[in-house]
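One structure coming up, written as structure tokens, with questions to follow.
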Amino acid sequence: ISFDSPHTGANFPLGVQEYFNFFGGFAGKYSDLAVAREYRDKLNTPAASQMLISHYTCTDQLAGANPSYAWFWDSMNSYGWPTSCKTVAISNGSGYGYKQPFDPGEQIIQWHSDDGITLEIGSRIYALYKSAATAKTVFYGRFDPWDWFDLIDESVYERSYSPYGLDNASGGTRDTFQELFDQLPYKNSDDWCNYSDHCFIPTCSSLGIPLSQIEQTIHNNGSVSSLSPFDEIHYAIDNEEHIEINARNKRWFMRAVLEDYDTDRDGFDDYQEYLLGTAYNNASDKLAFSIEFDVGAASSATLRWQALANTRYDVYKAEALAGAWQYIESVELTQAGTVGRSYAMDDGATNAFFKVSASPIDPVTD
């Protein structure tokens with residue numbers, strides 16, 4: 001099982017990388033900028049260099065990866081995908097084409113401080129621009145402290161572009177923008193961060209689908225989903241936080257591990273027993289129930305039973321055991337509890353028979 005993994009690369013906003021690179025260069029003399037240098041060092045680790053789709057060490061205006069990226073993926077591709085087991089990929093990114101709520105090239109962070117005497121410092125950070133050839137500013141930085149002979153007085157504009165909308169793509173999210181903004185020194189009321197999250201693991205990457213399909217909707221799109229090398233894929237409806245476990249994707253994990261195995265050989269596989277709340281290793285603990293039956297004075301019959309979770313109970317009625325069963329209704333519970341139902345009876349009928357059949361259901365249908 002692969003959980004929101006960067007099979008074709010991860011995305012860390014290039015504008016934030018350029019912030020770390022620029023201000024990290026001054027951290028040796030200005031301790032307030034130590035965090036920038038710390039994160040620049042993390043960007044230079046083998047893991048970040050090998051897995052980031054765009055990396056600040058690429059000096060072309062076309063956003064590109066560190067040279068170790070190609071080496072790493074060539075190496076991984078030479079091993080190939082697992083073939084001797086069932087493979088399942090689960091993504092926190094939307095498979096329905098929903099993107100992050102900002103546009104490529106949009107400004108995300110505004111920060112500027114100038115006390116007029118000792119220091120002017122600030123930056124503007126933008127989402128990476130989407131274009132076939134035109135570059136736009138992804139980072140502006142200024143650092144001008146008071147020092148003798150004005151030795152440090154720097155301003156930079158870093159411009160770049162990508163054929164894909166990476167920062168706002170569908171994918172498992174990370175709140176890097178907000179995390180950076182919260183750590184900025186010398187902030188004032190005019191500073192702002194418009195968006196906290198960005199795409200960290202594109203949905204296509206977590207499903208092993210080529211990055212060339214990053215703009216495509218995967219749901220009900222067989223031409224794209226079929227490109228995944230996994231036997232089974234699952235994705236979120238809306239973009240979720242990277243490696244967030246929730247009620248919906250938890251079922252995917254449990255089903256992948258437990259289905260098609262009947263440990264106690266009671267006729268229900270282990271995933272069905274998980275849904276029911278019965279013991280998968282105890283044949284006597286399975287889907288079973290008894291009905292309490294009362295006939296009321298007002299030509300009605302009341303049925304009561306103890307219901308298990310995630311079970312559908314189908315109720316039928318017949319006037320003779322040898323006759324046809326007439327379907328009345330289905331009762332579904334997501335939690336165990338007592339069910340009580342009253343049904344009308346025909347005053348002129350000699351007999352009335354009721355039947356309730358039960359079957360486990362999976363509340364997550366995909």
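Please give, to one decimal in nm, the separation of the simple spin-label points placed at ASP115 and ALA349, each 7 Å out from Cα toward the Cβ.
8.8
Which whole-number percent gives the relative contact order of region 1-112, counting Cα pairs below 8 Å spaced six or more residues apart?
28
Rounded if a/c is under 1.5, else prolate if a/b is larger than b/c, else oblate: which is region 292-360, with a ≥ b ≥ c the root eigenvalues of its Cα gyration tensor?
It is oblate, given that a/c is not under 1.5 and a/b is not larger than b/c.
Another question about this same structure. Any idea which of ILE1, PHE22, PHE12 is furthest toward the positive side of the dipole for region 1-65, if Lys and Arg beta-carbons carry +1 and Asp and Glu beta-carbons -1?
Checked the options; the winner is PHE22.
Give, in nm to one decimal, the length gained when the segment between ALA34 and ALA324 is fully stretched (0.36 nm per residue of separation minus the Cα-Cα distance).
Difference between extended and current length: 96.5 nm.
Continuing with this model, one more query. Can you work out the FRET efficiency for the pair THR334 and ASP231, with r the C-beta to C-beta distance and R0 = 41 Å, to the nearest 0.05?
E between THR334 and ASP231, to the nearest 0.05, is 0.90.
Quote the FRET efficiency, to the nearest 0.05, computed for ILE245 versus THR217 with a Förster distance R0 of 22 Å and r equal to the Cβ-Cβ distance.
In this case the efficiency is close to 0.35.
For a quick check, take a GNM of the chain with Cα springs below 10 Å and name the residue from SER84, SER212, SER49 with the largest mean-square fluctuation.
SER84
Please identify which residues in region 108-127 have an amide N closer than 12 Å to a label point set 7 Å out from the Cα of TYR186, following the Cα→Cβ vector.
The answer is 111-123, whose backbone nitrogens lie closer than 12 Å to the label point.
Still on this structure, I have one more. If you place +1 on the Cβ of every Lys and Arg, -1 on the Cβ of every Asp and Glu, and leave all else neutral, what size is the dipole of region 2-254 about its Cα centre, to the nearest 20 Debye?
Charge dipole, region 2-254, about its Cα centre: 1000 debye, nearest 20.
Describe numerically, in nm with one decimal, the distance between label points set 7 Å from Cα along Cα→Cβ at TRP81 and at LEU62.
For the pair TRP81/LEU62, the computed spacing is 2.8 nm.
If you don't mind, there's one more thing I want to ask. Going 7 Å from the Cα of SER196 in the Cα-to-Cβ direction, what parts of region 84-108 have a backbone nitrogen less than 15 Å from that spot?
Residues passing the 15 Å test: 101.
Can you tell me the orientation of helix 34-43 relative to the chain, as the angle in degrees between its alpha-carbon axis and the longest Cα principal axis, to the nearest 10?
70
Right, another one. Show which lysines lie in cross-link reach of LYS250 when reach means a straight Cα distance below 29 angstrom and same-chain residues fewer than eight apart are skipped.
Leaving aside lysines fewer than 8 places away in the same chain, those within reach of LYS250 are LYS86, LYS99, LYS286.
About the Cα centre of region 216-282, how large is the charge dipole given +1 on each Lys and Arg Cβ and -1 on each Asp and Glu Cβ? Please answer in debye to the nearest 20.
So the magnitude is around 200 debye.
Identify which of PHE177, PHE293, PHE102 has the largest mean-square fluctuation in a Gaussian network model of the chain, with springs joining Cα atoms closer than 10 Å.
In the Gaussian network model the winner is PHE293.
Using amide H atoms built 1.01 Å from N in the peptide plane, name the residues 5+ places from ILE328, or on other chains, whose amide H lies under 5 Å from its own.
Counting only residues 5 or more places away or on other chains, the set is VAL315, TYR316, LYS317.
Tell me, what ³J(HN,Hα) does each residue in region 57-64 have, in order and in whole Hz, if you take phi through Karplus 6.51 cos²θ - 1.76 cosθ + 1.60 with θ = phi - 60° and put x for Gly and Pro?
Along region 57-64, the couplings run 6, 6, 8, 6, 5, 6, 4, x Hz.
How many nm separate the modelled label positions at SER300 and VAL364, each set 7 Å beyond the Cα in the direction of the Cβ?
The answer from the label model is 3.9 nm.
Hey, if you put +1 on the Cβ of every Lys and Arg and -1 on every Asp and Glu Cβ in the chain, which of ALA135, PHE253, CYS85 ends up farthest toward the positive end of that dipole?
Working it through, the farthest residue towards the positive pole turns out to be CYS85.
Karplus couplings for region 300-310 from phi (6.51 cos²θ - 1.76 cosθ + 1.60, θ = phi - 60°), rounded to Hz, Gly and Pro as x?
In residue order, the calculated couplings are 9, 10, 10, 10, 10, 7, 8, 9, 8, 5, 6 Hz.
Follow-up. Name the most mobile residue of ALA89, ALA65, ALA47, meaning the one with the largest mean-square fluctuation, in a Gaussian network model of the chain with Cα contacts below 10 Å.
Maximum among the listed residues: ALA47.
Now for a different question. Fewest to most neighbouring Cβ within 10 Å: what's the order for THR176, THR365, THR302, THR217?
Least to most surrounded, the residues fall as THR365, THR302, THR217, THR176.
Once the dipole of the chain is set up with Lys and Arg at +1 and Asp and Glu at -1 on Cβ about the Cα centre, which of TYR39, ASN310, PHE268 lies farthest towards its positive end?
With unit charges placed on the Cβ atoms, the residue in question is PHE268.
Moving on to the next point. Binning at 5 angstrom from zero up to the longest distance, how are the C-alpha pair distances of region 33-149 distributed in percent?
Reading the bins upward from 0: 2, 8, 11, 14, 17, 17, 12, 8, 5, 3, 2, 1, 1, 0.
About the Cα centre of region 292-360, what is the dipole size in debye to 20, counting +1 per Lys and Arg Cβ and -1 per Asp and Glu Cβ, all else neutral?
200
Going out from 0 in 10 Å bins, what whole percent of all Cα-Cα distances in the chain drops into each bin?
Calculated over all Cα pairs of the chain, the distribution is 5, 18, 21, 16, 13, 11, 8, 5, 2, 1, 0 percent.
All of the numbers you see were taken from the coordinates with simple rules; none came from a lab. Values in this document were obtained by computation on a predicted structure and should not be read as measured data. Positions of Cβ are generated from backbone atoms using ideal geometry, with glycine treated the same way; all protein chains shown enter the neighbour counts.
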